[in-house]
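Colleague: Please read through the structure below; I'll follow up with questions.
The values are calculated or read from the model by the stated rules, or taken from the named source; none is laboratory data. What you are looking at is a predicted structure, and each value in this text was computed from that prediction instead of being measured. No Cβ is skipped: glycine too gets one built from the backbone with ideal geometry, and neighbour counts run over all protein chains shown. Please note that ligands, DNA and RNA were not included when accessible areas were found on the heavy atoms of the full protein model with its side chains. Shrake-Rupley method; radii C 1.70, N 1.55, O 1.52, S 1.80 Å.
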Amino acid sequence: MAGTSRDRTARRLRSIPPTVFSEMSALAARTGSLNLGQGFPDRDGPSPVVEAAVAALRAGRNQYAPGPGVPELRAAVAEHQRRHYGIDLDPDTEVVVTAGATEAVAAAVLSLLNPGEEMVVLEPYYDSYVACIEMAGGVRRPVTLRAPDFRLDADALRAAVTPRTTAILLNTPHNPTGSVLDVEELRVVAEVATEHDLVVVTDEVYEHLVFDGHRHVPLCTLPGMWERTLTISSAGKTFSFTGWKVGWATGPADLVRTLTAAKQWLTFTNAAPLQPAVAHALTHEAGFYEALARELQDKRDLLVAGLRDLDMDVYLPQATYFATSDVRRYGHRDARAFCQALPERAGVVAIPAQALYDDQEAGRHLVRWAFCKETHVLEEAVRRLLAADLRA
Ligand code: PMP
Ligand code: GLN
């Protein structure tokens, strides 16, 4: 049945385009292209973890989990933070399980921002950040990470803070640039946050997918930062179960309570039988993500070498699933035009990173390529790109 032509979408959502990741995955499906767009692996995580989920389903763990998450997962998250970073957490008050990192970010933003208040955010950004800030009635203040190095510019960060700023939303390791903020950069964030009494929400979903001996340092471990930091992660990237949507936020009890004030009204709780399986993964499967990081580093090298053979400027990521390249010399107006032509020209899909910037000039010619795919898929993608005419 035809609807009326009136757009009934609430005004605060109208300015936000549909997520580029769904758009590009639909394009890949429609054109039968290799999908180097949306970041999800094409091989599942460890089978003992799947078995743990099956066992939980069969054992009748199918009713609502407790609001903060099942006790064994909260304990496993606390133990993981202790083992990797020396962070001591009370699993009863300082951990909350969420529907992926996405819900944790949404709940953090919705619970921290009053309408009109500002959140400083690194751009290019993971697109849900923009939507969440809009839904909260807040204002984003982007700080641009610029090619070729995509480092945090301390002056730009300082300049982005105003008397209306409530919080900083950080993402390290960073999607899409692959930058891992180093201790100097984190110190600047800590200084700014402390000076202006800001909360920092850090999205660390790629914490284990780090290459070349770089080290991820959680911001909350810097002096004075524990009490003002909410740290977010997820089983999606660490264990290659992106469809499970089991994430968590950790931090001081008062901030976890604040986040939960919104979270309880979003999903209340999620994925009861998957939560014990993720607890099992955190406790027994560290070997999986260590091996995954090594494999991804090889895949990064394969893809980056292929893109360089195409005579593109490619920026080597220190972490994550993604490499970024500048496609200017192919003569397209912008990355979007390049990416829209790509399925027909080469049978490959990639993400116009432009969609992840407010500063269109900084992102106009940048394309993000996912390398969390089987080696033969990456090899075939490179073959197709080399054989194609990519010029406008
Ligand atoms: N944050 C970043 C930076 C991401 O790249 C992703 C990826 N998908 C998410 C959050 C979402 O995580 P989840 O699937 O656990 O919601
Ligand atoms: N985080 C993944 C990416 O950046 C997937 C995100 C999504 O589909 N919402 O591609």
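Colleague: Within segment 218-274, track down each residue that is within 16 Å of ligand 2 (Cβ to nearest atom), closer than 21 Å to Ser179 by Cα and assigned to a strand (DSSP E or B).
Modeller: Across segment 218-274, the qualifying residues are Ile232, Ser233, Ser234.
Colleague: Identify all residues within segment 114-124 that are under 23 Å from Leu157 (Cβ atoms) and open to solvent by 10 Å² or more (accessible area, probe 1.4 Å); write none if there are none.
Modeller: Asn114, Gly116, Glu117
Colleague: Against the condition hydrophobic (A, V, I, L, M, F, W, C) and open to solvent by 20 Å² or more (accessible area, probe 1.4 Å), how does Ala281 come out, does it pass?
Modeller: Against the criterion (hydrophobic (A, V, I, L, M, F, W, C) and open to solvent by 20 Å² or more (accessible area, probe 1.4 Å)), Ala281 does not qualify.
Okay, residues lined up against (1) open to solvent by less than 10 Å² (accessible area, probe 1.4 Å); (2) out of contact with any Asp or Glu (no Cβ under 7 Å at 6 or more places or on another chain); (3) over 20 Å from Pro223 (Cα atoms); (4) not in a helix (DSSP H, G or I):
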position: Arg146; (1), (2), (3), (4): no, yes, yes, yes
position: Leu152; (1), (2), (3), (4): no, no, no, yes
position: Ala159; (1), (2), (3), (4): no, yes, yes, no
position: Thr162; (1), (2), (3), (4): no, no, yes, yes
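Colleague: Let me ask something else about it. Return only the number of the condition from (1) open to solvent by less than 10 Å² (accessible area, probe 1.4 Å); (2) closer than 26 Å to Ala261 by Cα that Ala53 does not satisfy.
Modeller: (2)
Colleague: Further question: So if I check each of Arg8, Arg12, which one is without any contact (Cβ under 8 Å) to a residue 40 or more places away in the chain and either over 21 Å from Ala271 (Cβ atoms) or within 16 Å of ligand 1 (Cβ to nearest atom) (or both)?
Modeller: Arg8
Colleague: Condition first: out of contact with any Pro (no Cβ under 6 Å at 6 or more places or on another chain) and buried (at least 16 other Cβ atoms within 10 Å of the Cβ). Now tell me which residues in segment 60-69 satisfy that.
Modeller: Ala65, Pro68, Gly69
Colleague: Answer yes or no as to whether Ala235 is surrounded by 24 or more Cβ atoms within 10 Å (Cβ to Cβ) and within 16 Å of ligand 1 (Cβ to nearest atom).
Modeller: The answer is yes for Ala235.
Colleague: Within segment 303-314, identify whether any single residue is in a loop (DSSP other than H, G, I, E, B) and within 15 Å of ligand 2 (Cβ to nearest atom), and answer yes or no.
Modeller: Among the residues of segment 303-314, not one is in a loop (DSSP other than H, G, I, E, B) and within 15 Å of ligand 2 (Cβ to nearest atom), which makes the answer no.
Colleague: Checking Asp389 against (1) out of contact with any Pro (no Cβ under 7 Å at 6 or more places or on another chain); (2) part of a loop (DSSP other than H, G, I, E, B); (3) within 16 Å of ligand 1 (Cβ to nearest atom), which single condition isn't satisfied?
Modeller: Failing condition for Asp389: (3).
Colleague: Name the single residue that is most open to solvent (accessible area, probe 1.4 Å) among those in segment 195-206 being more than 11 Å from ligand 1 (Cβ to nearest atom) and more than 13 Å from Leu169 (Cα to Cα).
Modeller: Ranking the candidates gives Glu195 first.
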